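The values are calculated or read from the model by the stated rules, or taken from the named source; none is laboratory data. This structure is a prediction, so every number in the text was calculated from the model and none was measured. Using ideal geometry, Cβ is built from the backbone for each residue, glycine included, and neighbour counts are taken over all protein chains shown.
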Amino acid sequence: MHTLMAVMFSAWGYKLTYLEFFAFITSVIGVWYGIYGPRITWPWWNISSLLYALLFFQQKYYASAALQFVFIAGGFWGWFGWGPRGAKPHKLTWKINLAMVGVYLIAWFALNPLLIHIGAAATWTDSFGFVGSCIAQGLMCMEKFEAWPLWFLVDAVYTFQFWHGKSYLTSILYFIFVVLAIGGWKRWNRVSNLNKIPMK
């Protein structure tokens, strides 16, 4: 653990630890695989989530730290749910999407006061990212196209949060996630249009 917390290098006052570096690498690999749908994406997500749980807790991003355990649980769900052949994306109906937006907003506003109470480093952005990521992870496990537009939105907010918090490599990671989410959005849209079996 001490080795992971050690500083890999410093530049312009920013100290990059081995922990943040390895969390960054495993995360990029996991999301890259996620675009194409093989279930090997899930072990990579679990490794990166464990590393980021340690990092975020250290930085007092408590919602983001807790979120990593949601990701780990989702990783096991996704591994067994997708099966050996990987994801077969489908789209949700507009009614389910509308209900999901309502749940998102209620949960976001409900979580924010708790983060304020425990002294989190960020509240509005971290609660927004926590709730959105939980929903997106569930959609991802269920092989729903809507996971990717939601990842795009959540990752954009996290990019701002971590840059503002001076976790520059993590902020760059989430910007990469934004770009990768566009790729996942396009590919899963194309595949789900071919499947044409929306959830009712």
- Message: I need the full set of residues from the range 168-200 which are surrounded by fewer than 19 Cβ atoms within 10 Å (Cβ to Cβ), modelled with pLDDT under 90 and aromatic (Phe, Trp, Tyr), in order please.
- Response: TYR168
- Note on the structure: All-but-one check, HIS117 against (1) surrounded by 19 or more Cβ atoms within 10 Å (Cβ to Cβ); (2) modelled with pLDDT under 95, failing number (1)
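Tell me, please, whether a residue that is on the phi < 0 side of the Ramachandran plot and of a type in the set (Lys, Arg) can be found in the range 159-170.
Of the residues in the range 159-170, the ones on the phi < 0 side of the Ramachandran plot are 159-165, 167-170.
Next cut, of a type in the set (Lys, Arg) only: none.
No: zero hits.
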- If you scan the range 64-88, which residues turn out to be at pLDDT 85 or above and either more than 19 Å from MET142 (Cα to Cα) or not in a helix (DSSP H, G or I) (or both)? SER64, ALA65, ALA66
- Residue tally, condition within 15 Å of ILE35 (Cα to Cα) and basic (Lys, Arg), over the range 156-189: 2
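Would you say LEU105 is part of a helix (DSSP H, G or I), modelled with pLDDT of 90 or more, more than 16 Å from GLY184 (Cβ to Cβ) and hydrophobic (A, V, I, L, M, F, W, C)? Explain how you work it out, then say what you get.
Details: part of a helix (DSSP H, G or I): yes; modelled with pLDDT of 90 or more: yes; more than 16 Å from GLY184 (Cβ to Cβ): yes; hydrophobic (A, V, I, L, M, F, W, C): yes.
Answer is yes for this residue.
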- Task: Report the residue count in the range 87-97 for those that are surrounded by fewer than 18 Cβ atoms within 10 Å (Cβ to Cβ) and either of a type in the set (S, T, N, Q) or within 18 Å of SER133 (Cβ to Cβ) (or both).
- Result: 2
- Query: Taking the range 71-86 as the search range and keeping residues that are at negative phi and in contact with a Lys or Arg (Cβ under 8 Å, 6 or more places away or on another chain), which one is surrounded by the most Cβ atoms within 10 Å (Cβ to Cβ)?
  - Reply: GLY78
- Query: Using beta carbons and a limit of 6 Å, which pairs, at least six apart or on different chains, have the first residue in the range 54-66 and touching a residue at least 60 places away in the same chain (Cβ under 8 Å) and farther than 21 Å from PHE109 by Cβ and the second one assigned to a helix (DSSP H, G or I) and of a type outside the set (A, V, I, L, M, F, W, C)?
  - Reply: LEU55/GLU20
- Message: Checking LYS95 against (1) touching a residue at least 60 places away in the same chain (Cβ under 8 Å); (2) assigned to a helix (DSSP H, G or I); (3) of a type in the set (D, E, K, R), only one condition comes out false. Which one?
- Response: (1)
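Counting only residues that are more than 22 Å from ALA99 (Cβ to Cβ), of a type outside the set (Lys, Arg) and either in contact with a Phe, Trp or Tyr (Cβ under 7 Å, 6 or more places away or on another chain) or part of a loop (DSSP other than H, G, I, E, B) (or both), how many does the range 135-176 have? Let's see the steps before the verdict.
Going through the range 135-176, the residues more than 22 Å from ALA99 (Cβ to Cβ) turn out to be 155-156, 158-176.
When the remaining residues are screened for being of a type outside the set (Lys, Arg), the result is 155-156, 158-165, 167-176.
If we keep only those that are either in contact with a Phe, Trp or Tyr (Cβ under 7 Å, 6 or more places away or on another chain) or part of a loop (DSSP other than H, G, I, E, B) (or both) as well, we get 155, 158-159, 162, 165, 167-171, 173-174.
The total comes to 12.
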